[in-house]
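Visitor: The following block contains the structure, expressed as structure tokens.
The values are calculated or read from the model by the stated rules, or taken from the named source; none is laboratory data. Quantities reported herein were computed from a predicted structural model and do not represent experimental measurements. Backbone-built Cβ (ideal geometry, glycine too); neighbour counts: all protein chains shown. Heavy atoms of the whole protein, side chains included, go into the accessibility calculation; ligands, DNA and RNA do not. Shrake-Rupley method; radii C 1.70, N 1.55, O 1.52, S 1.80 Å.
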Amino acid sequence: MKNERQAKILEIIAQEPIDTQEQLQERLQTQGITCTQATISRDIKQLHLIKEPAGGGKYRYAVSSQRTRLNVADKLRSICRESITSIDAAQNIVVIKTMSGLANAAGAALDSMSIPEIVGSLAGDDTVLLVMRDNASARNFCEDIHTLLK
């Protein structure tokens, strides 16, 4: 239901200028989706929508140009908190330890994010090896993951 509602929100704001949550709620209701203003407010935050000028002193909801970067950060944060138990670097190789059985999922998720510093990955049952572009990239990646694990 949530994914359907959020997809409909993106469709609506792409088709017409919507400048209030109430307008958005009305458009959703005309399409058979009933929800509260609080739900719409959460959806707007999760979808990283912003208000941009629409001309004539009016504004409209739009997708933030930073949405992709923010979604990658959210996805990485989820992976770290739910599966990674430790991470360390040895030169340009990063070794990620996960809970048993989760390394493949973590490796696939990291691959899907197209992080430019990652050259490639190899995953087993509880370990992911990442080959990074250089030693500095490996150290920085580990530091970022340590921060997310806190």
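Results for (1) open to solvent by 60 Å² or more (accessible area, probe 1.4 Å); (2) among the β-branched types (Val, Ile, Thr); (3) at pLDDT 90 or above; (4) within 24 Å of Asp19 (Cα to Cα), shown as yes or no for each residue.
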residue: Tyr59; (1), (2), (3), (4): yes, no, no, yes
residue: Ala62; (1), (2), (3), (4): no, no, no, yes
residue: Leu70; (1), (2), (3), (4): no, no, no, yes
residue: Ile79; (1), (2), (3), (4): no, yes, no, no
residue: Ser86; (1), (2), (3), (4): no, no, yes, no
residue: Thr98; (1), (2), (3), (4): no, yes, yes, no
residue: Ala106; (1), (2), (3), (4): no, no, no, no
residue: Leu110; (1), (2), (3), (4): no, no, no, no
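Visitor: State yes or no: is Gln37 in contact with a helix residue (DSSP H, G or I) (Cβ under 6 Å, 6 or more places away or on another chain), on the phi < 0 side of the Ramachandran plot and surrounded by fewer than 17 Cβ atoms within 10 Å (Cβ to Cβ)?
Guide: Yes; evaluated as a whole, the condition is true for this residue.
Visitor: How about the range 19-43: which of its residues are assigned to a helix (DSSP H, G or I) and in contact (Cβ under 8 Å) with a residue 24 or more places away in the chain?
Guide: Of everything in the range 19-43, those that are assigned to a helix (DSSP H, G or I) and in contact (Cβ under 8 Å) with a residue 24 or more places away in the chain turn out to be Leu24, Thr39, Ile40, Asp43.
Visitor: Let me ask another. Which of the numbered conditions does Lys51 fail, given that it passes all the others? Conditions: (1) in contact with a Phe, Trp or Tyr (Cβ under 8 Å, 6 or more places away or on another chain); (2) surrounded by 15 or more Cβ atoms within 10 Å (Cβ to Cβ).
Guide: (2)
Visitor: What do you reckon, is Lys8 out of contact with any Gly (no Cβ under 7 Å at 6 or more places or on another chain) and farther than 19 Å from Ser64 by Cα?
Guide: In short, no.
Visitor: In the range 1-18, what count of residues is obtained for those that are in a helix (DSSP H, G or I), open to solvent by 50 Å² or more (accessible area, probe 1.4 Å) and either aliphatic (A, V, I, L, M) or more than 14 Å from Val63 (Cα to Cα) (or both)?
Guide: Number of matching residues: 5.
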